[in-house]
1. Out of (1) among the basic types (Lys, Arg); (2) more than 26 Å from PHE196 (Cα to Cα); (3) assigned by TED's automatic domain parsing to the domain that holds PHE202, what's the single condition that is false for ARG152?
2. Could you grab me the full set of residues in the range 26-41 that are modelled with pLDDT under 75 and surrounded by fewer than 10 Cβ atoms within 10 Å (Cβ to Cβ)?
3. I'd like the full set of residues that are within 15 Å of GLU176 (Cβ to Cβ), not β-branched (Val, Ile, Thr) and not in a helix (DSSP H, G or I), limited to the range 187-217.
4. May I ask you to list the residues in the range 229-248 that are within 17 Å of PHE385 (Cβ to Cβ), outside any helix (DSSP H, G or I) and of a type outside the set (Val, Ile, Thr)?
5. In this structure, does ALA131 turn out to be among the small types (Gly, Ala, Ser) and modelled with pLDDT under 90?
6. Quick check on my filter: what residues within the range 104-128 are outside any helix (DSSP H, G or I), modelled with pLDDT under 85 and among the basic types (Lys, Arg)?
7. Suppose we keep only residues that are over 20 Å from HIS243 (Cβ atoms) and surrounded by 12 or more Cβ atoms within 10 Å (Cβ to Cβ) within the range 291-313. Which one would you say is farthest from the chain's Cα centre (by Cα)?
8. Which number in (1) surrounded by fewer than 22 Cβ atoms within 10 Å (Cβ to Cβ); (2) touching a residue at least 24 places away in the same chain (Cβ under 8 Å); (3) closer than 27 Å to HIS363 by Cβ marks the one condition that ILE316 misses?
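The values are calculated or read from the model by the stated rules, or taken from the named source; none is laboratory data. In this text the structure is predicted, and so the values were computed from the model without any measurement. Quick reminder, even Gly has a Cβ in these numbers, built from the backbone with ideal geometry, and neighbours come from all protein chains shown.
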Amino acid sequence: MTTNNMTTATHNALKIRQETVIVKGHDYKRWVVDLGVTQAGKRERKTFASEAKAQKFIRQHRKDQARWAGRQVVLERKIGEDADRLSNDHLRDAIVALEILHGGATLTEAAKFFAEHTVLPGNKRTVAELATDFVQTKIAAGRRPDSIRDMRARLGMLTRDFQDTPVNEITALDLERWLDARSAKGVHRLNFRQVFQNFFNFGIKRGVCRINPATAIEKPSIDEKIPSILTTAAAEKLMLTAHNKSPEMVPYFAIAIFAGIRPTELRKLDWSCVDLNARRIRVVPETAKKRRMRYVDISENLVAWLSPHKQEEGLISSSRKYFDYVKKEAGIDWEPDILRHSFGSYHLARHDNAALTSLQMGHMRTDVLFNHYRDLVTRQDADKFWGILPPKQQ
């Protein structure tokens with residue numbers, strides 16, 4: 001390819017040059033606008049397919065230059081007005097500050113940092129003081145006991161190491177190093193991050209800190225985990241073990257595995273909410289995780305397991321001692337929420353209706369449930385699962 005200059009035109013310091021470019025024996029014309037030398041010492045050029053497009057670019061460039069020049073005049077006038085308001089003390093202070101910063105930051109950056117990490121003397125609170133106020137405020141707001149215990153435990157660990165440290169002096173790096181020292185990873189780290197975010201937001205509302213350092217903690221990636229569930233043989237073994245070794249725990253295990261009620265809900269479930277005639281269990285807002293009432297259907301085999309133990313009122317027996325005893329005697333590899341996960345899997349396999357299963361489990365959305373529980377068991381396995389009955393009815 002060769003280029004031949006043909007004509008040159010000038011438009012208010014901008015130059016348009018027409019060129020002929022020869023490519024594989026064919027001539028092509030183009031118009032080049034020379035913008036002159038840039039601050040980096042290089043010439044800046046723009047190439048166009050027609051002179052009209054080149055001239056349109058130049059007209060727009062002139063307008064942009066005029067606006068920029070106008071803004072510069074206004075800015076210089078404003079700077080001059082502001083400078084007139086500075087006293088000699090202000091100027092000396094600025095000079096000393098710049099010497100201290102030694103090029104590491106501008107005065108504006110230093111001022112922002114100072115504003116973010118300082119509070120009025122009367123608003124200074126230590127981590128221990130604010131943690132106490134935080135927990136008490138959450139209790140007064142009606143947070144669940146389990147949530148309060150979790151907040152108190154996690155903030156208690158932080159308090160032991162930062163007890164007398166002012167809240168506004170805690171940085172994201174402090175929190176990240178603290179988590180790293182405890183090898184807090186995955187869900188464990190995510191839970192700490194959530195509590196810390198709530199804690200420092202509370203501090204901002206109370207005026208004891210200006211920023212929330214927890215928001216800068218890198219959010220850990222959590223790999224999706226396939227739920228662990230009981231096989232039909234393991235489910236039957238668990239129920240028979242409870243029946244033979246600890247009959248008082250039969251209702252607890254039966255409702256957990258055949259109704260999928262959460263352990264935190266089940267420990268507060270009263271017999272008055274279990275209606276065998278209507279075939280449903282009422283989970284009241286005071287005990288429900290989402291604070292919403294819901295009804296859970298009672299299957300035929302669950303009726304069989306509950307009928308011999310039914311009471312008019314009183315809490316469902318949920319002794320931790322006997323719960324662990326039955327698990328040990330059944331010899332089952334146990335995973336968190338394995339009974340609830342089993343219910344979700346077998347219920348979805350039996351009804352093939354994610355919306356219905358979500359409704360029973362108290363989920364607001366069906367996509368998570370569908371992705372987690374779909375195809376974990378077959379329809380044949382589901383038929384066996386819902387056919388597990390007490391010994392005398394088998």
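1. ARG152 satisfies all of (1) among the basic types (Lys, Arg); (2) more than 26 Å from PHE196 (Cα to Cα); (3) assigned by TED's automatic domain parsing to the domain that holds PHE202 except (2).
2. Passing the criteria: THR38, GLN39, ALA40, GLY41.
3. ASN212
4. Residues of the range 229-248 that are within 17 Å of PHE385 (Cβ to Cβ), as a first pass: 229-243.
If we keep only those that are outside any helix (DSSP H, G or I) as well, we get 229-231.
Scanning the range 229-248 gives a single hit, LEU230.
5. Working: among the small types (Gly, Ala, Ser): yes; modelled with pLDDT under 90: no.
When the stated conditions are applied, ALA131 does not pass them.
6. LYS124, the sole residue that qualifies.
7. ASP297
8. (1)
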